[in-house]
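Structure first, then comments.
The values are calculated or read from the model by the stated rules, or taken from the named source; none is laboratory data. Since this is a predicted model, take the numbers as computed values, not measurements. Glycine also receives a Cβ, built like all others from the backbone with ideal geometry; neighbour counts cover every protein chain displayed. SASA here: full protein model, heavy atoms, side chains in, ligands and nucleic acids out. Shrake-Rupley method; radii C 1.70, N 1.55, O 1.52, S 1.80 Å.
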Amino acid sequence: MAPGDTGSRARLVCFPHAGGSASAFVPFARLLAPVCEVLSVQYPGRQDRRLQEPVPDVGRLADALAEEVVRHVPEPYAFFGHSMGSVVAYETARRLQAGSAPAPVRLFLSGRGAPAAEPSPHDRLRTDDELLAAAARLGGTAPDLLDDSEVRDMVLPALRADYRALADYRWVPGPRLDVPFTVLVGDSDPVVTVAEAAAWEDFTASGTEFRVFTGGHFYLNDHIDAVGRTVTAALAAPGRQPAHAGSPSAGTGAWTGSSAAPGDVPSGQGGPWQ
C-alpha cells in the first residue's frame, strides 16, 4: 500500500530504540502484514538517512513526526514504540492531541518506564565507552559487531544523539492522553523495572493494558509471536477498556519522509517512514 492510500486496515507506526533504525521492525512488519500495515520511523543519521545529521532532541523529533502523521498516515492508526521510541511515540501523540488532529487509536509502549521529572541514570551516558557498553549489555547490537571499528564508527553518531536526547528530555506536565495504552516490558530488563513501566497508566485517561514477558530489554525478539498477538487483539477492539495496569498479565513468552522546519529534521533522500 502506498503512502497516503486509504483502506480499511489499521496502520501501526513503529518508533525504534536508541541507536536503532527502521529495519528493527522488519520481522514485526512481516508478522503483522495480514492484519495491519506497518510503517517504521527512520530517524535521521542511520541507514538511508545516514548522511543527515542526527537530531539529539526528543521534542524536535516529535514535532516533525506529528506533522508527517497528519499529512501522510490515514486513519485508523496506532503507535508502537520500543525503549526511546516509546518516549518519541508518546510525545508525538501529545502533539497530535494538542493540535486537535486525529489521535492514534492506541499507544503500545515497550521497554521503557513512564516519563519523570529527571532522566534515569541509564539515560545519562556521555562517553563512547559508556554508550558501546550499554548497547552490548542491552542486546540491541551483537557484541562481536561492536568489536569492528567500522561498525562502531557507523553506529556511534546515532547513539550519541539519541542518548543526548534522552539525557536532556524533561517531561512537561499537561493533560493526560485520551488514548488507551498497552505497556509491555521484560521481567528481567536491566534498565526498566516492572513498576516503572506500570507507571505509564498515570499518563492516559483511557485505560492501560499491561503485559510482562520473560526476558530482558529486547524481550520482544524472543516473543515476537506473543507480542504480535497482543497487538492484533488490541487493534481488533481499540475502543474497549483494557485491563488495569495494577494487575499485570504474564506474557508467553515501507515507506520513508520528514518535513520539519529548516534546521530541524532534514528532508531529502530518505524520509522518516519505511
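Computed values, structure above
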{"read-out": "Neighbours by Cβ (under 6 Å, 6+ apart or cross-chain): first from the stretch 201-224, assigned to a loop (DSSP other than H, G, I, E, B); second of a type in the set (D, E, K, R) and open to solvent by 50 Å² or more (accessible area, probe 1.4 Å)", "value": "ALA205/ARG176; ALA205/ASP178; SER206/ASP178; THR214/ASP187; GLY215/ASP222"}
{"read-out": "Flag for ARG30 being under 22 Å from ILE224 (Cα atoms), surrounded by fewer than 23 Cβ atoms within 10 Å (Cβ to Cβ) and in contact with a Cys (Cβ under 9 Å, 6 or more places away or on another chain)", "value": "no"}
{"read-out": "Qualifying residue in the stretch 151-165 (condition: assigned to a helix (DSSP H, G or I), more than 26 Å from VAL58 (Cβ to Cβ) and modelled with pLDDT of 95 or more)", "value": "no"}
{"read-out": "Top-ranked residue of the stretch 95-119 - restricted to ones that are under 23 Å from PHE213 (Cα atoms) and charged (D, E, K, R), ranked as most open to solvent (accessible area, probe 1.4 Å)", "value": "ARG112"}
{"read-out": "Residues of the stretch 191-200 satisfying the condition of being part of a loop (DSSP other than H, G, I, E, B) and either open to solvent by 60 Å² or more (accessible area, probe 1.4 Å) or more than 13 Å from PRO121 (Cβ to Cβ) (or both)", "value": "THR193"}
{"read-out": "Residue count for the stretch 50-107, restricted to those that are in a helix (DSSP H, G or I) and touching a strand residue (DSSP E or B) at 6+ places or on another chain (Cβ under 9 Å)", "value": "16"}
{"read-out": "Only one of PHE25, PHE15 that is touching a Cys at 6+ places or on another chain (Cβ under 6 Å), surrounded by 21 or more Cβ atoms within 10 Å (Cβ to Cβ) and at pLDDT 95 or above", "value": "PHE25"}
{"read-out": "Count - residues of the stretch 46-90 that are farther than 26 Å from LEU184 by Cβ and either of a type in the set (Gly, Ala, Ser) or open to solvent by less than 20 Å² (accessible area, probe 1.4 Å) (or both)", "value": "1"}
{"read-out": "Residue match in the stretch 205-228 (condition: touching a helix residue (DSSP H, G or I) at 6+ places or on another chain (Cβ under 8 Å), open to solvent by less than 70 Å² (accessible area, probe 1.4 Å), of a type in the set (S, T, N, Q) and at pLDDT 95 or above)", "value": "yes"}
{"read-out": "Pairs with Cβ under 7 Å, 6+ apart, first in the stretch 46-62 and closer than 15 Å to ALA24 by Cβ, second open to solvent by 20 Å² or more (accessible area, probe 1.4 Å) and in a helix (DSSP H, G or I)", "value": "GLN47/SER23"}
